[in-house]
Every structure is written in C-alpha cells, then in structure tokens.
Amino acid sequence: GQSLEQPSEVTAVEGAIVQINCTYQTSGFYGLSWYQQHDGGAPTFLSYNALDGLEETGRFSSFLSRSDSYGYLLLQELQMKDSASYFCAVVSSYKLIFGSGTRLLVRP
Amino acid sequence: DSGVTQTPKHLITATGQRVTLRCSPRSGDLSVYWYQQSLDQGLQFLIQYYNGEERAKGNILERFSAQQFPDLHSELNLSSLELGDSALYFCASSTGTSETAEQYFGPGTRLTVT
C-alpha cells in the first residue's frame, strides 16, 4: 500500500523559519510534490523533487531523500498569508497520492 | 486563477439522488484528475483521464463514474448518493506527462447530501 505521514499542525511566528516533514511508504515512486491550500480554496502547486537534494523557489525550499523515504518543505521569512494547509504528495504512475496535510498557523 | 473551471460551485441534493459535476481543464492540458476532499481530510484521488481515455483509478466507488469528452472537458457522475458523499470535489489538469507532479486545480464543487 501507500502511506504518507506529516504533522497535523505547526505554529510559528511571523518572520521565522518552519520545516514541515513528510515520510512516505509507497511503490512506483517518481518524486515528491508539495501543495498549499488556504481555507476554502483550491490546492496550488509549490514544488517538486524528483531527485535527492534541495530545490529552492523564493522563500520556499523542498528537500528529498529517496534512501530515507523522507522529504520536507522549508518556509522562510514567514508571513501571515502563509497560514494555510500544506500537503506532501507522492508522484506515482499517473497520479498524486496526498498526505493528510499540515495546518500551519503563523502568529504575529 | 488556475485556468481550470468547475461547475456548479455548490450543489445540495437528497440521499439516493444522482448528480453530475463538470470540469474544463486548462487550455492545452490533456489530463484531467478528480479528487474528493471530506471535511478536514486530505485529497483522495478518484480517477484520471488522458485525452479521453481512463488512465488511472484510485479509491473510486462503483456508484461514481467519470468520462472525458472529445473537447477534453470531463464529468464526474455520482449516483445513489449517501450522506457520506458530502465533500468538496476538485478537478485538476496537467500537461499529461507521465509524472503528473504539477497539477492545476479548479475551485471545486461543494456537494451537500441531505
């Protein structure tokens, strides 16, 4: 089967750095994607790691270690608008398998 | 705005009924995916179509079916509705490459079954 684990909630202060971890067990693994979803909104794509290492996109970075079946999303210089749910998703053949999401609350 | 459109935005219906949700992908995207998101739950993959053909199936109930038409829009049909089918249904599209890592989601259809 396939399973992903990520923390259910994380709280951080505006301007700080936060890391959201994701571990997975799956077959047919191509890579790990991250999505952001604000309350009442649609998921939006943030990043994708097909290879081991760090990918940086502005304030957001994502890391993958295939050997450890582990990845994380790093958010820097947190802003209030970053309060949202963040989902890791395994890219398997022709589909995305999503984790249950991490709710990030950014406090002033 | 992702470029993916879904109608209707909200749908309220009774148990036992049948509904159809509609999705138009981004211009040029050949792949369409359907997801179900229940309250405070993650996104559950239902089914994927590529250029009119079913390509992948998730935990889609037998009461649910979908299709993709020649103009690439897709419809998700939900029948014999139960209270537990109340959820947000998202459609997403992508360019159709084999990895499907980057998908563009529509605004969703909120289905309430009473």
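At a glance:
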| item | result |
| --- | --- |
| Residue check for residue A:64: touching a residue at least 40 places away in the same chain (Cβ under 8 Å), surrounded by 19 or more Cβ atoms within 10 Å (Cβ to Cβ) and not polar (S, T, N, Q) | no |
| Where a residue in segment A:4-33 is more than 14 Å from every other protein chain (Cβ to nearest Cβ) and its partner, wherever it lies, is among the small types (Gly, Ala, Ser), with Cβ under 7 Å and at least six apart | A:18/A:12; A:23/A:69; A:25/A:3; A:25/A:69 |
| Residue count for segment B:1-60, restricted to those that are charged (D, E, K, R), more than 11 Å from every other protein chain (Cβ to nearest Cβ) and under 18 Å from residue A:37 (Cβ atoms) | 1 |
| Top-ranked residue of segment A:27-49 - restricted to ones that are among the hydroxyl-bearing types (Ser, Thr, Tyr) and in a loop (DSSP other than H, G, I, E, B), ranked as nearest to residue A:94 (Cα to Cα) | A:30 |
| Segment A:1-20, residues that are assigned to a strand (DSSP E or B) and closer than 27 Å to residue B:108 by Cβ | A:3, A:4, A:5, A:9, A:10, A:11, A:18, A:20 |
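To keep it simple, each residue is scored yes or no on (1) among the acidic types (Asp, Glu); (2) over 10 Å from the mean Cα position of the chain (by Cα); (3) under 14 Å from residue B:19 (Cβ atoms).
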{"position": "B:72", "(1), (2), (3)": "no, yes, no"}
{"position": "B:79", "(1), (2), (3)": "no, yes, yes"}
{"position": "B:89", "(1), (2), (3)": "no, no, yes"}
{"position": "B:94", "(1), (2), (3)": "no, yes, no"}
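None of the figures in this text is laboratory data; all of them are computed from the coordinates on show. Predicted model only: the values in this text are computed from it and were never measured. Methodologically, a virtual Cβ is constructed for each residue, glycine included, from the backbone with ideal geometry; neighbour enumeration extends over all protein chains shown.
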